[in-house]
Amino acid sequence: MKPAPFEYHAPASIGEACSLIGSLEDAKVLAGGQSLIPLLNFRLARPAHLVDINRIANFDRIYERDGGIAVGALARQADVEDSQLVARVCPLLAAATRLVAHRVIRNRGTVCGNLAHADPASELPAVLLALGGHVVAHSARGSRIIPAADFFTSVMQTRLASDELLTEAWFPKSTGRFGIAEESRRHGDFALAGAVRYGDRLALFGVAPTPVLADPRDPARGLQPSADLEATAEFRLHLVQVVTERVFPQ
Ligand SMILES: Cc1cc2nc3c(=O)[nH]c(=O)nc-3n(C[C@H](O)[C@H](O)[C@H](O)COP(=O)(O)OP(=O)(O)OC[C@H]3O[C@@H](n4cnc5c(N)ncnc54)[C@H](O)[C@@H]3O)c2cc1C
């Protein structure tokens, strides 16, 4: 199928982008397009306006800030995966990014787009949560920091307001003990269940409407994963034990 008609905008600055999304009725930000374009093609999303941020200069920076790694809104997942800086300061982020989809998708898909999309089965939101990172949101009203623990609110829902642009994600230094494990039907598919470890912290993904922190000694407690064509709820609970044991080996 083809997308429903929309008006296309290509702002050249963050200010211009914020003023567009703040003033236009029913606008969507376009970053890597790896999630949004399929939704448009299937007409599961029909925004009146598309605000393409790909022409904003210096929006793809990956740099050290406050001891951690800041990732600009246009930094591709593949750039993060290949970055020497990320490998040194936040190797957990590098390891997790390699599990996102396939390299061709990571060549276009952005880290910030992945966080804004907030798929419950995504690896990177769980990494941000396990590390206690944050995102930076800009609008014509100013900017604010949203901690990972507050950012993800439900399936594909975040605290970003409709006039806010996610300009940066910040991942704290993670040179302590870390691990990430997931189970999916095929390599590159979204996970049926996954676990991220940083030190004693455990974050799970694919088993709740958002990534969740859990007790490594009893990771399934309180979880009520959904059942779908890919897996029953019971199987997902079983996988929670499996992936947790992988990141917290006895
Ligand atoms: C076959 C396939 C397999 C995949 N497998 C996985 C996987 O295993 N794990 C995984 O995590 N992901 C997976 N993905 C999704 C992929 O990682 C996407 O790239 C990512 O989720 C979205 O990033 P994007 O830059 O492409 O965003 P887009 O598709 O451009 O946008 C996605 C959503 O986020 C919003 N958005 C994007 N950037 C911003 C911003 N800066 N500010 C505000 N809103 C913004 C958009 O408006 C839209 O609603 C897969 C995708 C495909 C096609």
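Please compute the contact order of the range 98-150 in relative form: average sequence separation of alpha-carbon pairs under 8 Å and at least six residues apart, divided by the residue count, as a percent.
Relative contact order comes out at 24 percent.
If you plug each phi of the range 199-210 into the Karplus form 6.51 cos²θ - 1.76 cosθ + 1.60 with θ = phi - 60°, what whole-Hz ³J(HN,Hα) values come out, in order, with x for Gly and Pro?
x, 8, 8, 10, 10, 10, 9, x, 10, 7, x, 9
What residues qualify as long-range amide H neighbours of Val29, i.e. H under 5 Å apart, gap of 5 or more or another chain, H built at 1.01 Å from N?
Correct list: Val51.
Ranked by Cβ crowding within 10 angstrom, fewest neighbours first, how are Tyr198, Tyr63, Tyr8 ordered?
Sorted ascending by nearby Cβ count, the order is Tyr8, Tyr63, Tyr198.
May I ask for the net charge around Arg177, where only other residues with Cβ less than 14 Å from the Cβ of Arg177 are counted and Lys, Arg are +1 while Asp, Glu are -1?
Cβ neighbours under 14 Å give a net charge of +3.
What list do you get for Arg186, Arg201, Arg46 if you sort them by fewest beta carbons within 10 Å?
Arg186, Arg46, Arg201
What is the dipole size for the chain, taken about its Cα centre, with +1 at each Lys and Arg Cβ and -1 at each Asp and Glu Cβ, in debye to the nearest 20?
320
In percent, how large is the relative contact order of the chain, given Cα pairs closer than 8 Å and 6 or more residues apart?
Over the chain, the number comes to 17 percent.
Please express the Cα-Cα pair-distance distribution P(r) of the range 178-247 as a list of whole percents, one per 10 Å bin, running from 0 to the bin with the greatest distance.
23, 59, 17, 0
Just rank Asp200, Asp52, fewest to most, by other beta-carbon atoms within 10 angstrom.
So the residues, fewest neighbours to most, are Asp200, Asp52.
In a Debye calculation with equal point scatterers on the alpha-carbon sites of the range 62-171 and no solvent, what is log10 I(q)/I(0) at q = 0.16, 0.21 Å⁻¹?
-0.64, -1.13
Once you have all Cα-Cα distances for the chain, histogram them in 5 Å bins from zero and send the whole-percent values.
Histogram of Cα-Cα distances, whole percents per bin: 1, 7, 14, 18, 19, 17, 12, 8, 4, 1, 0, 0.
Amide H of Ile180: which non-local residues (sequence gap of 5 or more, or other chain) have their own amide H closer than 5 Å, using H built in the peptide plane?
Residues meeting the criterion, in which the H sits 1.01 Å from N, are Arg197.
Could you run the Karplus curve 6.51 cos²θ - 1.76 cosθ + 1.60 with θ = phi - 60° over the range 135-152 and give me ³J(HN,Hα) per residue in whole Hz, x for Gly and Pro?
Rounded to whole hertz, the list is 10, 10, 10, 10, 8, 5, 7, x, 10, 8, 9, 10, x, 3, 5, 9, 6, 8.
In whole percent, what relative contact order does the range 62-171 give with Cα contacts below 8 Å and a gap of six or more residues?
It comes to 29 percent, rounded to a whole number.
Every read-out reported here was derived from the displayed coordinates using simple, explicitly stated rules and does not represent laboratory data. The structure presented is a predicted model; accordingly, all values stated were derived computationally and were not measured. Every residue, glycine among them, receives a Cβ derived from its backbone with ideal geometry; neighbour counts consider all protein chains shown.
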